[in-house]
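Just below is one structure, and these are the notes that go with it.
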Amino acid sequence: MLIIQISDTHIVEPGELAYGVADTDQNLLACISHINSLSPKPELVLLTGDISNSGKREELLYAKSLLERLEAPYYVIPGNHESRDDLWSVFSTKSCPARVDGFINYVIDKPELRFIALDSTHAGQPGGKICPTRANWLDQQLAKQPDKHSIIFMHHPPVKCGVPETDKDGFIGIERFTEVIKKYSCIKAILCGHIHLQAHIHWLNTIVSIAPSTQMPLVLDLSLPPESRFYLDKPAFQMHYWTKEQNLISYPVSIQANQTSYFFDLAKNM
Ligand SMILES: [Fe+2]
Ligand SMILES: [Fe+2]
């Protein structure tokens, strides 16, 4: 089973550039074209937040018009760059199938894997938050089938990533969230975005796996924060492969135009 994760697309209005330099729509289209050409076909595509750059409804509507080109079903959760209300008004109910207590929390139950969307946003703040309501909802969902292999997807990583500019924003409610995660051995991964860098962190009894931004990787600086900066890069996303042996393998994908491949058997290259 193939699962695609796209994160931090930061789509702006048509004809505009994010931060004056990033043509984020073109990068997303390149990702979509590549994803549609994959074999085997992905079962679903998860968008882990910051879909829009400033949360304007026009940006979200434009993002939706691009994402509708995906052949696989796709699902969205909010990042700190958009409000859950706007996301819900644009993407419900096809790509955002349910809302619980106002939060964008829902479950996609497949025979092999359960996907749990968790809204980690804290209105008006850049950092993450899982309040008791959301933590209790997660606990209840996991308790329904405590042995079923599960993937949680949420925008904010619940752990510090070593990146000063995002670490300083914190994560409210980490104590209760930690309690819930510790109770279950079925959580194969927690898929996140937000950092704009691919990173994998072994945390408690699971892996926090952070996808790259589709275009704007952070300039990694582990010293105390200078001004936050990003590069412009090739279109990128994350691919997760659930094997028959029930292992989750995560591959980074970076799309290069006109890339040539060669056989390891030199004779075949002659
Ligand atoms: Fe972002
Ligand atoms: Fe973010």
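The values are calculated or read from the model by the stated rules, or taken from the named source; none is laboratory data. Quick caveat: nothing in here was measured; it's all calculated off a predicted structure. Here the Cβ is made from the backbone with ideal geometry for all residues, glycine too, and neighbour counts use every protein chain on show. We work out accessible area using only protein heavy atoms, side chains counted, and drop any ligands, DNA or RNA first. Shrake-Rupley method; radii C 1.70, N 1.55, O 1.52, S 1.80 Å.
Some points to look at:
- Selection of the stretch 191-207 for residues being hydrophobic (A, V, I, L, M, F, W, C) and surrounded by 21 or more Cβ atoms within 10 Å (Cβ to Cβ) yields L191, C192, I195.
- Any hit, the stretch 37-47, residues being surrounded by 15 or more Cβ atoms within 10 Å (Cβ to Cβ) and either within 16 Å of ligand 1 (Cβ to nearest atom) or among the small types (G, A, S) (or both): yes
- Those residues of the stretch 237-251 which are farther than 14 Å from A189 by Cβ and either modelled with pLDDT under 95 or crowded, with 18+ Cβ neighbours inside 10 Å (or both), in sequence order: F237
- Complete set of residues in the stretch 106-147 that are among the β-branched types (V, I, T) and either touching a helix residue (DSSP H, G or I) at 6+ places or on another chain (Cβ under 7 Å) or without any contact (Cβ under 8 Å) to a residue 24 or more places away in the chain (or both): V107, I116, T121, I130
- 2 or more residues under 23 Å from K188 (Cβ atoms), open to solvent by less than 10 Å² (accessible area, probe 1.4 Å) and at pLDDT 95 or above: qualifying strands (runs of 3 or more DSSP E) within the stretch 49-164: 74-77, 114-117, 150-153
- Hits in the stretch 173-206 - residues which are among the β-branched types (V, I, T) and in a helix (DSSP H, G or I): I174, T178, V180, I181
- Residues (at pLDDT 95 or above and of a type in the set (D, E)) located in the stretch 179-228: E179
- Those residues of the stretch 77-103 which are within 16 Å of ligand 2 (Cβ to nearest atom) and either hydroxyl-bearing (S, T, Y) or free of Cβ contacts under 8 Å to residues at least 40 places away in the same chain (or both), in sequence order: E82, S83, R84, D86, L87
- Subset of the stretch 211-236 that is touching a His at 6+ places or on another chain (Cβ under 7 Å) and outside any loop (DSSP other than H, G, I, E, B) - its residue that is least open to solvent (accessible area, probe 1.4 Å): S213
- Among the criteria (1) farther than 15 Å from D119 by Cβ; (2) in contact with a Pro (Cβ under 9 Å, 6 or more places away or on another chain), the one E68 does not fulfil is (2).
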